[in-house]
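For reference, the structure is listed below as structure tokens.
The values are calculated or read from the model by the stated rules, or taken from the named source; none is laboratory data. All values reported here derive from a predicted model rather than from experimental measurement. Cβ: placed from backbone, ideal geometry, glycine included. Neighbour counts: every protein chain shown.
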Amino acid sequence: MRPFNAAAPFGMKELLLTRGMTALVDEEDFESLSSYKWNAQPRRCDLWYAARNRNAVERKLLGGRGIIYLHRQIMNALKGTEIDHRNGNGLDCRRANMRFATSRQNKANGRPKRSKRTSTFKGVYWGTRERRWLVQIRLPDGRRLGKGFNSENEAASYYTEIARKIHGEFARST
């Protein structure tokens with residue numbers, strides 16, 4: 001069995017990954033998962049997932065090479081389904097932190113893009129032409145809702161309110 005960090009909170013264990021990283025898993029999943037060699041896989045600049053290569057039996061059954069993500073293995077996710085990490089941490093693979101989601105729900109709970117950002121809040125940006133803080137959020141029918149504000153905090157509050165109405169428990173504002 002691979003070692004773990006005893007400092008993990010009760011009921012969970014830290015599964016060792018490559019690059020000196022760890023993933024949080026429930027205690028009841030740890031033993032079956034620890035028999036594999038898990039890799040830390042970067043997805044974006046600040047988002048990581050745990051993944052492993054398919055073993056010989058899986059390659060024979062599923063055909064060819066490929067990787068299996070830790071969160072998908074734990075949730076026994078079928079092809080075409082998405083798993084959302086409630087807290088946005090792809091290495092927190094405790095069952096209480098994961099849920100099945102549609103693509104839209106998964107994106108609603110995603111972190112804001114970091115490139116060319118003018119605000120620290122999701123959905124808020126400085127409109128140079130308008131010379132005010134603008135909010136933009138996508139509605140369920142695909143249209144975008146936008147509104148301008150004099151203060152960044154007002155815009156952030158508006159975004160949070162609308163996101164909760166539209167996306168419910170999947171809403172993320174920061």
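Taken over region 137-147, residues that are farther than 15 Å from GLY110 by Cα and either over 21 Å from the mean Cα position of the chain (by Cα) or among the basic types (Lys, Arg) (or both) amount to 7.
So is ALA101 of a type in the set (A, V, I, L, M, F, W, C) and either assigned by TED's automatic domain parsing to the domain that holds GLU161 or touching a Phe, Trp or Tyr at 6+ places or on another chain (Cβ under 9 Å) (or both) or not? Yes; evaluated as a whole, the condition is true for this residue. Is it the case that HIS85 is in contact with a Lys or Arg (Cβ under 9 Å, 6 or more places away or on another chain) and crowded, with 18+ Cβ neighbours inside 10 Å? Against the criterion (in contact with a Lys or Arg (Cβ under 9 Å, 6 or more places away or on another chain) and crowded, with 18+ Cβ neighbours inside 10 Å), HIS85 qualifies. Close Cβ contacts (under 8 Å, 6 or more residues apart or on different chains) running from residues in region 148-168 that are closer than 17 Å to GLY110 by Cα to residues that are assigned to a helix (DSSP H, G or I) and modelled with pLDDT under 90 comprise ALA163/ALA108; ILE166/ALA108; HIS167/GLN105; HIS167/ALA108. Got at least one residue in region 106-113 being farther than 27 Å from GLY80 by Cα and of a type in the set (A, V, I, L, M)? No, region 106-113 contains no residue that is farther than 27 Å from GLY80 by Cα and of a type in the set (A, V, I, L, M). Just one of the listed residues (ARG99, ARG143) is in contact with a His (Cβ under 9 Å, 6 or more places away or on another chain) and surrounded by fewer than 18 Cβ atoms within 10 Å (Cβ to Cβ), namely ARG99.
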